[in-house]
Every structure is written in C-alpha cells, then in structure tokens.
C-alpha cells in the first residue's frame, strides 16, 4: 500500500484525506500551521511535518497530495517531482502557463505519476455522457454557466485569496476550472478563446475578477459558451449543456436530462455527491481510488486546455 502525505491542510484537504483512508496509507500530513498539523496528525495517528522539504526527503513517502494555496503549486510539485515522489495536484496546476509546461516536462522526464484533480469528469452524470452512445449525432455546441456566491469574508479570511500574485486570478482560476474543463472535454481540440473579465461585486475587496464570459472555438466547428460569476446570491448547481444534432443533454441540479422530440427524461443522478458543498462536484474519492489502484484518472496533461483558456482570459487584467 502506498504511503501518502497531504501537503496543506485547508478545506480541500479533508476530501483527500477521506479518499486516501479508503485506498492508501495516510503516512503523514504537513502544514506550516503547527497546531493544525499536530491536531490532524493526532486525529489520524499519522506522522506530522511542518515543512514540505522534510516530507519529500522522507524515503518512506511515495506520494504527495498538494492542497496548498495556488502560488505554491508549481514550486511544491516541482520539488516533489525532483525527489521522485508521485503527485496528486489540486487545481490550478500552476498560476502561470509557462510554469505549467515546465512542470509537465519535469514530470515526463522523471516518469512521475501525476494526477491533476479534475474530479468532476468522474461525477456519475459526466461519466454517463462519456461512456454511453446515446445516438444523438455530432456535438454542435456546448454551454457552461457557473453562478456562485463568495463573500468579502471568504477573501479576507485568507491572505492569499483575491490577489494576482498569490491566487493568480479570481473566479476563473479558483471556481471555474472544472466548468471550463468540461466544456473542453466535450467540445474537442481548442483553437481560440475570446472573452472578457471584470470585477463587478467585490470592488475594494479583491484585485482579481469576480465575473467572466467567453466563447471557445474548437477545431471541429463546435463553439463553447461560458459565463461565470461569484457575485450571485447563492451557490447554484453546475449548468452544463451539450447540443447535438438530434437532441440536447443538460447537466443541472445533479441530474442529467435528455431533451429530445419535445420530451425531457432523466438519464442519471449524481447520487453519491452529497453534503453542504455538493455543488462543487465532489468525486475526489473516485479519482483518488483510481489513481492508487491503477485505474483511469486525469493526468497532468489533461489540464492543458484549461491552462490555455485561463492564460488567454486572465491576460486581460483589470
């Protein structure tokens, strides 16, 4: 059984820990917050680290899960790869596309097993679309809408959020990558991105954008439409729509709907995704189990199209 260490013990780390407990050995946890690290290590009776250098230099560590703030992802993933550790990397892979390509090069050269957490590809409804021939013909267009709520307190509670240097963006790089990934996942090979970003709700609170819209152009002629904001009054479910020649699939409220010939039919339900933050789309348990059991999982290179979209849009800094 592989020995895993979770680096960074913020809110997303609990999903990793829960998944690891079912398919690997939680060897250790690591955080610069000594009390937090001690408390969690005692809870799970595992080793504690306060510095990632100590974790990657421990010969018993097989895999590191990087769940730290965005600006640390590239530096820490590179360090882990250079020490021969396999990696489970939270999104975004990096906050700079050049760093992404450098990391991808290192991972391939070192033959490192590296997963990027694009877990929503493995939500039951998304997997249903990918794994079933529904005889709907060619894809004509895709649409993704993300309307969530992030308060000023969300940003002021963490000194890295809401800043270009440490978060690398706002809505697009933090909340929207999964929506953008699914648009590209079903849209095809990307050739162009056009869009705008703006700060409409959180002026005076954040430097980065809270709202964005974009059109994605794919080689096969498919166009993708995206709109996202963290300025909504609530955290709505994902709204993904795929228009085919002979019908429409709509993924909303955790259900996959087939709209065809005037009828609406439920094809699938995300039954295992529950809890307060289910609107995230939480299939970490699926992809992490696949990763440790040599099943199918999102490789680092699967993030490339999302990295390109983010790079194109976030260059229009506000």
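Laboratory data are not the source of any read-out in this text; all were calculated from the coordinates shown. Fair warning: this is a prediction, and the values are worked out from it, not measured in the lab. Heads up, the Cβs are rebuilt from the backbone with ideal geometry, glycines too, and the neighbour counts pull from every protein chain shown.
Sorting the segments 201-214, 116-129 by their residues' average number of neighbouring beta-carbon atoms within 10 angstrom, most packed first, yields 116-129, 201-214. The range 188-255 to the range 118-132: how many Å between their Cα centroids? Taking the Cα centre of each part, the range 188-255 and the range 118-132 sit 18 Å apart.
Dividing the summed helix terms, -39500 (n - 2.57) for each DSSP H run of n ≥ 4, by the number of residues in the chain produces a 222 nm estimate of -9000 deg cm²/dmol to the nearest 500. Its relative contact order, with pairs defined as Cα atoms under 8 Å and 6+ residues apart, puts the range 59-206 at 23 percent. Computed from Cα atoms, the angle from the helix 13-23 axis to the main principal axis of the chain rounds to 80 degrees.
Using Cα atoms only, what is the angle between the long axis of helix 177-187 and the major principal axis of the chain, expressed in degrees (0 to 90) to the nearest 10? Compared with the principal axis, the helix lies near 50 degrees. Please work out, to two decimal places, the log10 of the ratio I(q)/I(0) at q = 0.16, 0.23 Å⁻¹ from a Debye calculation in which every Cα of the range 3-116 carries one identical scatterer. Computed log10 I(q)/I(0) values: -0.65, -1.32. DSSP finds beta bridges in the chain, and of those with both partners inside it, around 60 percent are antiparallel.
Highest mean first, the peptides 58-66, 20-28 sorted by other C-beta atoms within 10 Å per residue fall in the order 58-66, 20-28.
With the largest listed first and rounded to whole Å, the semi-axes of the equivalent ellipsoid of the chain from the Cα gyration tensor are 32, 23, 19. Between helix 97-109 and the chain there is an angle of about 60 degrees, using the helix long axis and the longest principal axis of the Cα atoms. Taking a ≥ b ≥ c as the square roots of the Cα gyration tensor eigenvalues, the range 171-304 comes out rounded, since a/c falls below 1.5.
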